[in-house]
Amino acid sequence: MTEVVGQPVRAEASPRRARRAAWVRVVTWLICAIVLAFVTVALVKQFRQVEWSQVRFRPVPALLAVLCILGVSVTQLVARWTLLLAYGQRLPWRAQLQAAWVPQLGKYVPGGLASVGGAVYLLRKHGVPGAIGLSVAVLLDALAVMAGLIVSAPLLVSGPVRQRMPHAWMAGAALIVAGLLTLHPKVFVGLLNFALRKARRQPIADVPPLSRYLWPVLASFAQWVLAGLGLWFMTWTITDARLAQVPLFIASAALAMTVSYLVPLSPGGLGVREGIYVLTLNQIIGPEVAIVALAMRVIQTIIELVLAGVGAWVGRVSG
């Protein structure tokens, strides 16, 4: 009797899930459109205030900005390579390039799961078990987020924040200490597994040894340093930038990209990242922040497309 009664319930569940998924997609795209609309208005407002006669173009800082943004993708490749080694997986460089650079285009699909799924699929093609591939993909994203939150803490001691919240530096110091303690592999993987079980996702299979785990952690921090340097050089390309401001630019870049990970509603963080640049750097750069934000987006997208093409090509050659 239970089987007969239970059958229609299961049959109805599938269309219900499909309708729910459709509504989630609609809401996701709607939120994305709202975010883009607000950021577009803010950027247009900034553009109107730019004194174009004062805008300069310095080719050397522009080249250094491109190299730094390229370096972000290289450090992500190093992080993946060292984490795979920690799990005992040695892949040829051609396979590493394909698995690191092709799936990154998946982040332009709202929801943020396409890049993880693509990475797991490509790693399985090269003999990496699915459980390990998923562990590596999830750990890399989680390490990037945690490192980004730690590196963005200096924003809490910046001038505008100090004026409104004089004691915000204590929260920044606590965030850095708590973040560094959390990065210990047993603590970090334990907390991550707790969150994955709550979300009904597959937990991380094994905890990498501390000696092997250190390198992907350092690479995760290095990507935010390079992203911030790229942002600073891009600012220096069109306007004056002081060396003392570099830590603030690193914090701004880390916060912008980390929020893109945590709120994967817009494709590739489009609009979210530019909005954070405007909020955090407007008082330092002025209206030229709109030019910097758009230039960073264009250069990063071009680099990601080129690297994805390289990864696909070497994957085809090696295949």
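The values are calculated or read from the model by the stated rules, or taken from the named source; none is laboratory data. What you see is a predicted model; the values in this text were computed from it and never measured. Glycine also receives a Cβ, built like all others from the backbone with ideal geometry; neighbour counts cover every protein chain displayed. What goes into the accessible areas is simple: the full protein's heavy atoms, side chains included, and nothing from ligands, DNA or RNA. Shrake-Rupley method; radii C 1.70, N 1.55, O 1.52, S 1.80 Å.
Please report the accessible area of Trp81 (heavy atoms, 1.4 Å probe, ligands and nucleic acids excluded) in Å², nearest 10.
Estimated to the nearest 10 Å², Trp81 gives 90 Å².
Treat each spin label as a single point 7 Å out from the Cα along the C-beta direction, and report the Arg16 to Arg58 distance in nm.
Going from the Arg16 label point to the Arg58 one covers 6.2 nm.
Between Val310 and Lys198, what is the spin-label point distance in nm, taking each point 7 Å from the Cα along the Cα→C-beta axis?
It is 3.9 nm.
May I ask you to list the lysines whose Cα is less than 27 Å away from that of Lys186, ignoring any residue fewer than eight positions away on the same chain?
Filter leaves Lys198.
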